[in-house]
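A short worksheet on the structure shown next.
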């Protein structure tokens with residue numbers, strides 16, 4: 001537990017202390033620290049509303065001002081049960097009503113196990129800790145909101161009130177946090193995506209399924225063009241694969257049925273379903289027979305790798321052919337729970353800038369480094385240079401990983417060495433590997449300090465074994481290739497959602513759906529403006545001519561709201577001198593510029609993909 005988590009854990013106890021002071025009848029359930037704060041679940045007839053927040057915070061301030069010690073107490077389970085029966089757990093005094101939720105927690109604990117309690121003032125609670133030394137160490141806190149929750153997340157259990165808050169060492173840090181939240185609201189890709197008409201989510205199409213509008217499609221296509229150019233330079237071959245595949249393909253890969261909770265249900269042919277119905281086959285029996293492989297079907301592909309494997313295996317290979325690098329902008333499908341969906345960053349259908357490299361074992365280090373250099377290039381081109389690298393390894397206590405431990409050791413070492421070569425901080429995190437191999441993730445920090453997990457590279461010795469892949473070595477014998485999975489963007493949806501927030505919708509000129517807008521002052525300049533506008537279009541510059549009868553100020557405000565990089569104002573002086581008056585998003589009013597000079601500048605900015 002980090003120092004901040006410890007502080008927020010302590011703040012949850014301070015909140016509980018205040019609640020039981022204000023409402024002694026309150027029954028407390030659990031109160032852990034969470035990302036950006038803490039919460040406590042309570043069972044209370046009085047409905048907590050924002051009108052109560054000031055009163056709760058005032059009582060919490062009294063607790064911190066008293067500077068109570070967090071005292072750790074160890075008792076037997078029997079003693080803890082007696083305290084719970086007396087209503088003493090999660091409370092400040094004995095009460096007639098037992099501590100229901102605390103007793104429920106104790107129910108599953110062995111009799112011989114010691115129980116840890118924490119006491120501050122007269123308040124005592126079940127807790128394993130740790131905490132700060134004293135309540136006064138929690139320098140700043142705020143109640144943020146309240147919601148409903150079911151006990152243990154089960155709708156069959158009682159519905160509780162969940163009171164959320166956040167806490168920091170001091171007021172300065174807390175004020176900075178709320179300033180960041182306000183800035184994040186302004187940058188929310190869901191809000192900006194709608195305002196700038198970049199994408200649409202429609203209930204009749206389905207939640208988590210993105211409809212790319214013309215403007216959003218331009219951004220996506222520009223990114224695809226950019227990475228495709230780099231892939232051609234590095235010797236990748238473009239491939240296309242179908243959106244579905246037979247279940248047997250995913251049984252071989254290990255994805256079905258073991259990860260079926262995150263996959264769309266299998267597609268079974270109508271004739272097969274009719275025969276099963278005549279046999280009286282129930283839905284649960286159908287599921288079991290699909291899982292066991294007794295019935296065949298198809299599935300919306302949850303990943304591209306099995307399809308690329310089949311392309312590699314479709315013809316014989318010599319060691320001279322390797323590495324084989326196959327790339328695809330492939331759309332895949334995952335059945336995310338509805339509560340986990342969020343704009344473009346958590347969806348049910350997404351397109352990966354996916355590639356799979358089939359290499360000899362000797363080629364692994366150089367090819368992994370090549371993949372990482374591509375990710376670095378992308379981030380630098382987008383001015384996203386603040387990132388860290390995470391090496392995801394096996395969890396030694398888990399049995400979800402497949403393959404020979406010796407191969408895992410080699411793959412993990414290759415990832416470590418490649419990450420070390422980048423010259424940026426990297427961490428090793430057990431349990432973050434894919435089931436078939438370790439991986440290197442790029443965790444990027446945006447302009448307001450939030451972290452996003454984006455590009456990934458994975459080293460895989462296992463799928464080539466599962467699919468019995470081979471190539472002929474220099475000794476004339478069959479050898480097993482190693483696979484490298486690589487997706488610099490991760491998913492186009494998530495990556496562009498991140499970019500929207502990183503740039504606050506104000507994309508670099510090369511990515512902007514509209515790059516320049518011509519604003520004639522009067523109708524007399526329309527013909528000249530149209531001539532320049534058509535010149536832009538002829539050179540693949542995304543240009544718009546606003547020849548409406550609106551006043552110039554209104555035209556400028558509209559272009560600013562739509563975050564157009566360049567507004568070119570054309571009045572009588574500009575018309576007569578072959579100039580344009582430039583207003584840029586970065587520098588505001590730049591004044592008159594010769595058209596030819598500005599046009600060359602604009603072309604260079606776009607062709608060089610300047611951020």
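General remarks:
- Of all residues in region 204-226, those satisfying the criterion of being over 16 Å from residue 500 (Cα atoms), exposed (fewer than 15 other Cβ atoms within 10 Å of the Cβ) and more than 22 Å from the chain's Cα centre (by Cα) are 204, 205, 225.
- Test: residue in region 104-113 that is part of a helix (DSSP H, G or I) and within 34 Å of the chain's Cα centre (by Cα): yes
- Looking across region 229-249, the residues that are assigned to a strand (DSSP E or B) and closer than 11 Å to residue 326 by Cα come down to 237, 238.
- Where residue 289 falls short, out of the listed (1) touching a helix residue (DSSP H, G or I) at 6+ places or on another chain (Cβ under 9 Å); (2) in contact (Cβ under 8 Å) with a residue 12 or more places away in the chain; (3) not in a strand (DSSP E or B): (2)
- Any hit, region 394-403, residues being modelled with pLDDT of 85 or more, surrounded by 20 or more Cβ atoms within 10 Å (Cβ to Cβ) and touching a helix residue (DSSP H, G or I) at 6+ places or on another chain (Cβ under 7 Å): yes
- Residues that are farther than 24 Å from residue 212 by Cβ and in contact with a strand residue (DSSP E or B) (Cβ under 8 Å, 6 or more places away or on another chain) occur in region 325-339; there is at least one.
- Tally, over region 250-269, of residues that are part of a loop (DSSP other than H, G, I, E, B) and in contact with a helix residue (DSSP H, G or I) (Cβ under 7 Å, 6 or more places away or on another chain): 4
- Checking residue 389 against (1) over 25 Å from residue 502 (Cα atoms); (2) touching a strand residue (DSSP E or B) at 6+ places or on another chain (Cβ under 9 Å); (3) free of Cβ contacts under 8 Å to residues at least 60 places away in the same chain, the condition it does not meet: (1)
- Residue in region 120-128 that is without any contact (Cβ under 8 Å) to a residue 12 or more places away in the chain, in the same structural domain as residue 18 (by TED's automatic domain parsing) and part of a strand (DSSP E or B) present: no
- When we screen 65, 55, 61 for residues that are over 34 Å from the mean Cα position of the chain (by Cα), free of Cβ contacts under 8 Å to residues at least 24 places away in the same chain, farther than 14 Å from residue 127 by Cα and part of a helix (DSSP H, G or I), the only hit is 61.
- Here is the figure for region 201-228: residues that are outside any helix (DSSP H, G or I) and either more than 30 Å from residue 541 (Cβ to Cβ) or in contact with a helix residue (DSSP H, G or I) (Cβ under 7 Å, 6 or more places away or on another chain) (or both) total 11.
- Against the test of being surrounded by 16 or more Cβ atoms within 10 Å (Cβ to Cβ) and within 30 Å of residue 57 (Cα to Cα), the options 181, 160, 249, 198 yield a single qualifying residue, 160.
- The one condition in (1) within 30 Å of residue 6 (Cβ to Cβ); (2) touching a helix residue (DSSP H, G or I) at 6+ places or on another chain (Cβ under 7 Å); (3) free of Cβ contacts under 8 Å to residues at least 24 places away in the same chain that residue 165 fails to fulfil: (3)
- Of the residues 529, 524, 559, 554, the single one that is closer than 25 Å to residue 611 by Cα and either touching a residue at least 12 places away in the same chain (Cβ under 8 Å) or out of contact with any strand residue (DSSP E or B) (no Cβ under 9 Å at 6 or more places or on another chain) (or both) is 559.
- Candidate set from region 357-381 (those that are touching a residue at least 40 places away in the same chain (Cβ under 8 Å) and out of contact with any strand residue (DSSP E or B) (no Cβ under 9 Å at 6 or more places or on another chain)); member that is surrounded by the fewest Cβ atoms within 10 Å (Cβ to Cβ): 377
- Considering region 452-565, the qualifying strands (runs of 3 or more DSSP E), each wholly inside and each with 2 or more residues that are at pLDDT 95 or above, run over 516-520, 543-545.
- Qualifying residue in region 274-282 (condition: within 30 Å of residue 371 (Cβ to Cβ) and surrounded by 15 or more Cβ atoms within 10 Å (Cβ to Cβ)): no
- A residue that is surrounded by 14 or more Cβ atoms within 10 Å (Cβ to Cβ), touching a residue at least 60 places away in the same chain (Cβ under 8 Å) and at negative phi cannot be found anywhere in region 418-431.
The values are calculated or read from the model by the stated rules, or taken from the named source; none is laboratory data. In this text the structure is predicted, and so the values were computed from the model without any measurement. A quick note on method: Cβ atoms are made from the backbone with ideal geometry, for glycine too, and the neighbour counts reach across all protein chains shown.
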